[in-house]
Every structure is written in structure tokens, then in C-alpha cells.
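Single-structure report; data block below.
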Amino acid sequence: MEATGGGFRKELVSKLLQMHFTDSKTKVSGDALRLMAELLTIFVVAEAAIRSVRQAQAEDLALVDVDQLEKVLPQLLLDF
């Protein structure tokens, strides 16, 4: 299994895209899969950072630490 971008496999990205295509004959090129994998990686990292900042704010902290990331990771994994 080949990893692309930041760790999303081409097969996973392809299946996710195919689930939402209305025409079952629609095909996706390898470059499009790599681009989509990179976009998914950026989205997930940004979402983790945002949630960590919100967690730190809820705890009245001025700095985000790994502790805040660890607190938001379980819900982040369930959401994706």
C-alpha cells in the first residue's frame, strides 16, 4: 500500500471519492489522488491545530501544548 501526501493511501482516497461520484464510471488520475491526499492532510492538521487552540482557550492557557492536542485527538479521530 503506497502512502501519498501526509500518509493517506491512494486506495483510501480513491474509495472516498468513488463513494460520492454519481457516475460509477468516473475515474480519477494518480495526480488527482495525490493532490486530494495532500489536501486531506492539510485539512486534518489544520483542524487538529484549531481544536487544540480552542482547548487551550477553554483552559485559560496562553500557549498550546501537546496536552491540549492529546485531549482533542479522540474526538478528532471519531469525526473523521
Residue in segment 19-41 that is in contact with a Lys or Arg (Cβ under 8 Å, 6 or more places away or on another chain), β-branched (V, I, T) and modelled with pLDDT under 95 present: no
Residue pairs meeting the criteria (Cβ under 7 Å; at least 6 apart or on separate chains; first open to solvent by less than 60 Å² (accessible area, probe 1.4 Å), in segment 23-36; second among the aliphatic types (A, V, I, L, M)): V28/L17; L33/V13
All positions within segment 67-80 that are open to solvent by less than 80 Å² (accessible area, probe 1.4 Å) and over 19 Å from T41 (Cβ atoms): D67, Q68, P74
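The values are calculated or read from the model by the stated rules, or taken from the named source; none is laboratory data. Since this is a predicted model, take the numbers as computed values, not measurements. Cβ: placed from backbone, ideal geometry, glycine included. Neighbour counts: every protein chain shown. Side chains are part of the model used for accessible areas, which takes the heavy atoms of the whole protein and leaves out ligands, DNA and RNA. Shrake-Rupley method; radii C 1.70, N 1.55, O 1.52, S 1.80 Å.
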